[in-house]
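The structure appears below as structure tokens.
Computed from the coordinates by the stated procedures, all read-outs in this text should not be read as laboratory data. This is a predicted model, so every value here is computed, not measured. Backbone-built Cβ (ideal geometry, glycine too); neighbour counts: all protein chains shown.
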Amino acid sequence: MKHFGIKAVALVALLGIGGGIGGAHLLTASRKTDTTASVDPQDRRLAEAGAYIARTADCVACHSVPGDKPFAGGLAMQTPVGTIYSSNITPDKASGIGAYSYADFKNAVQYGIRKDGAALYPAMPYPSYAIMPDRDIQALYAYFMADVAPVAKPSADSTIPWPLNMRWPMAWWQLLFAGKRDFAAPAGADEQVKRGAYLVEGPGHCGACHTPRGLAYQEKALSMADGDAFLSGAVIDGWRAKSLRGEARGLASWSAADIALFLKTGRTDRVAVFGAMADVVEHSTRYFTDDDLASIAAYLKQLPPVPGKAPVFPAKADNTTASLLAGRYDSRGAVIYMEHCVICHRADGQGMARIFPALAGNSAIFAQNPQSIIQITLEGGKMPANDHDAMAFAMPRFNHLSDQDITDVINFIRTAWTNQAPPIASDEVAHIRGFLASKKPNIVSGGKHE
Amino acid sequence: MNKLYKIAAAVALMAGGGLAALAAPPAPAGEPKTFAVLDKDGRRLADYTIPSDTLIDKEPNAEQIRYGQRLLNETRRLLPNNTGASLNCSSCHVQQGKKPLGAPYINSVNSFPQFNPRAGREVTLADRINGCFQRSMNGKPLDKASPEMAAMLAYMKWLAQDVPHGAQVQIKNAWPIDTKLVPDSARGKTLYAAQCAACHGANGEGKRDGAGNIVFPPLWGDESFNIGAGLARTYKAAAFIRNSMPMGVNTHGNWGEGAVLSDQDAVDVAEYFTHMPRPDFPPKEKDWPDGKKPKDARY
């Protein structure tokens with residue numbers, strides 16, 4: 001009886017797994033496009049249009065390793081279950097996408113299906129790219145095939161352990177979270193906001209970092225119409241990708257002009273880009289047309305706060321500036337600030353416009369989640385070059401300070417001037433330090449780790 | 001379902017925490033902070049470690065030390081009657097005088113009195129500080145018995161920690177610039193535009209912060225140092241620039257400074273900006289009374 005029971009369970013399990021795998025194959029088959037559209041990569045106008053679309057989709061940032069050849073893959077992406085390496089998307093026949101037909105290309109970019117039928121991990125933002133029109137995908141294809149130099153650099157396997165590394169369950173994931181869909185403009189939006197919504201939701205895939213993910217790693221919403229979690233802020237790769245919503249800790253303190261200038265140059269008078277967003281500005285948004293930047297800004301500025309989130313901070317007087325200038329350092333954190341930070345960020349916390357970012361009123365500082373401010377303090381950061389400023393500045397790393405020193409100075413900064421943010425604990429600094437130390441390096445040409 | 005998410009998230013977090021604990025990060029080196037100390041006979045004494053400002057409060061005269069530090073860091077604002085230039089002592093003595101190669105104050109109290117060739121006599125540290133006020137700060141000397149002078153000396157004394165008088169922390173004060181390099185002022189002008197002007201201004205005018213305090217000092221003009229200052233000399237300025245400028249351009253170094261200009265670059269930039277118009281130093285005739293004037297002296 002007992003024996004029979006085990007056999008029955010095993011049989012059911014086998015049938016279940018068999019059904020899961022078989023169903024996955026059916027799902028993938030039905031999901032694939034069978035388009036027979038032919039795209040002529042020699043069509044210069046098409047390929048040139050594709051170059052801009054590739055910028056709007058920021059393909060290069062994830063599919064390249066800094067200093068290595070563009071689009072040859074190997075960038076390490078740390079996920080909760082392991083490290084995924086981006087793939088080679090140069091038109092190399094053996095290790096890239098040189099053998100891809102247009103249909104193969106469209107299947108990969110928009111539906112997450114590799115030429116061999118394997119489902120792609122959602123580290124590739126195909127749920128966002130799904131809304132891009134055919135003509136743009138055709139232009140992208142022409143660009144990759146005609147204008148990207150082929151590089152022989154084999155794509156690397158992820159470090160995700162069995163059984164999580166099995167690809168077939170991803171087909172079911174795609175059914176649940178990445179359905180085929182077209183762009184739906186927000187109700188009542190004017191042309192500018194529509195264009196902005198398209199760029200943000202589609203090629204710009206802003207939600208990949210700025211929208212929180214669910215337990216299955218799915219973005220909780222792919223548009224405002226899809227759910228109120230859209231662009232409400234998330235943590236990715238040890239960085240806090242801020243809320244882009246119209247709330248105190250979101251974009252309420254940013255004007256539309258600030259947003260456009262930030263995306264174009266990586267700086268405003270108040271802030272400087274850092275972390276993963278520095279790569280976005282460097283490789284993608286600095287190349288956007290002014291019209292597209294204005295559209296994104298217009299779209300983001302009309303997003304409402306997340307229900308329950310404060311739209312503005314309560315008024316708070318700045319007592320910090322006068323205190324520091326008078327030599328009253330009221331906390332250990334203030335003493336550390338005066339030794340290590342004040343030279344650039346200044347006693348009034350205002351920094352120097354376009355050189356050293358302000359800390360007072362800087363939305364990266366008073367985010368509820370302190371991961372970004374901890375990581376930038378430990379690791380430092382470099383501004384991307386732009387076409388606007390003569391020099392690109394950098395912040396040095398302070399990982400030689402103790403966890404307690406960093407905790408104290410961050411707690412000072414988060415509550416100094418008019419800033420309002422909850423305190424951090426030193427184990428949060430220790431956690432980020434550990435995370436940074438255990439990060440997997442990128443893979444450069446020749447298969448070597450950096 | 002929500003609860004299940006939370007439990008799963010908690011388990012994942014714990015697992016993540018465990019992994020993080022296993023991979024203990026290596027102790028980050030940063031800039032070296034500990035150095036050997038030799039007494040005047042070359043005998044090794046206890047090592048010296050650059051102290052953190054958080055230790056000042058442990059001192060019985062903490063208030064005086066802190067005041068001295070503020071005077072050095074914010075000289076122009078706090079001592080307007082003694083400064084003609086929009087500069088602070090720490091504009092050149094970078095990182096509060098704590099940086100080897102950045103004109104540190106670390107050995108100052110233990111090196112004076114000393115013979116000064118420019119003055120042609122033995123000078124005290126207070127004399128030396130007043131020399132700076134009249135030249136680099138283009139201003140007036142402090143009363144040597146003033147609380148301000150006492151406070152500056154107290155900060156330097158604290159910074160020296162327990163290194164005894166006459167002993168030396170084994171650091172260099174300035175980058176050993178090659179004084180045989182021939183300056184090219186035209187090249188310096190181009191380099192200035194690319195590497196300096198963003199902060200110090202296209203006309204060397206410097207920049208102030210929102211509170212009106214000097215951030216990037218004027219490098220020439222009425223508000224800059226006068227021709228009697230050490231920094232008005234090409235190779236002295238080059239030694240400073242080579243190692244401490246530009247700042248805020250690297251993710252290493254306490255201020256993200258340096259590692260941009262070569263020795264030749266530094267000499268060229270220095271030649272360019274030091275020779276731009278700047279205030280005179282009327283008592284200049286009294287300098288180097290015994291001759292031996294350095295080749296880059298301005299008079």
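Quick notes on this structure:
- Protection proxy ranking of B:44-54, B:272-282 - average other beta-carbon atoms within 10 Å, highest first: B:272-282, B:44-54
- Calculated SAXS-style log₁₀ I(q)/I(0) at q = 0.10, 0.12, 0.20 Å⁻¹ - the stretch B:34-169, Debye, Cα scatterers: -0.32, -0.47, -1.28
- Remark: the Cα gyration tensor places the stretch B:185-286 in the oblate category, a/c being 1.5 or greater and a/b not exceeding b/c.
- Cα gyration tensor shape of the stretch A:37-156, rounded if a/c is under 1.5, else prolate or oblate by comparing a/b with b/c: prolate
- Going by neighbour counts of Cβ atoms within 10 Å, the residues B:Ser108, A:Ser255 line up, fewest first, as A:Ser255, B:Ser108.
- In sequence order, the stretch A:406-419 has phi-based couplings of 5, 4, 5, 6, 5, 5, 5, 5, 5, 10, 6, 6, 9, 5 Hz under the Karplus curve 6.51 cos²θ - 1.76 cosθ + 1.60, θ = phi - 60°, and Gly or Pro positions carry x.
- Local electrostatic count, B:Ser185, Cβ distance below 10 Å [Lys/Arg +1, Asp/Glu -1]: -1
- Cα gyration tensor category, rounded, prolate or oblate, for the stretch A:244-350 with a/c compared to 1.5: oblate
- Other protein chain C-beta atoms within 10 Å of residue C-beta, averaged over A:400-410: 1.
- Approximate shape of the stretch A:106-172 as ellipsoid semi-axes (Cα gyration tensor, √5λ), whole Å, largest first: 24, 17, 9
- Of A:Pro384, A:Pro80, A:Pro304, the one that fluctuates the most in a GNM where chain A has Cα springs shorter than 10 Å: A:Pro80
- Surrounding net charge for B:Gln95, when Lys and Arg each add one and Asp and Glu each subtract one, Cβ distance under 10 Å: -1
- Ranking of B:Lys99, B:Lys207, B:Lys144, B:Lys58 by neighbouring Cβ atoms within 10 Å, starting from the fewest: B:Lys58, B:Lys144, B:Lys207, B:Lys99.
- For the stretch A:132-140, 3J(HN,Hα) computed residue by residue from phi via the Karplus equation (6.51, -1.76, 1.60; θ = phi - 60°) reads 6, x, 3, 4, 6, 5, 5, 5, 4 Hz, glycine and proline entered as x.
- Residue mean of other protein chain beta carbons inside 10 Å, A:82-90: 0
- With the charge dipole of the protein assembly as shown set up from +1 on Lys and Arg Cβ and -1 on Asp and Glu Cβ about the Cα centre, the Cα lying farthest toward the positive end among the listed residues A:Thr90, A:Leu401, B:Asn73 is that of A:Leu401.
- The length gained on full extension between A:Arg44 and A:Ser101, counted as 0.36 nm times the residue separation minus their Cα-Cα distance, comes to 18.7 nm.
- Dimensionless Rg/Rh of chain B - Kirkwood Rh, Rg from C-alpha atoms: 1.07
- Counting beta carbons within 10 Å around each of A:Trp172, B:Trp175 and listing the fewest first gives the order A:Trp172, B:Trp175.
- Projected label distance in nm at A:Gln192 and B:Asp143, using a 7 Å step from Cα toward the beta-carbon: 6.4
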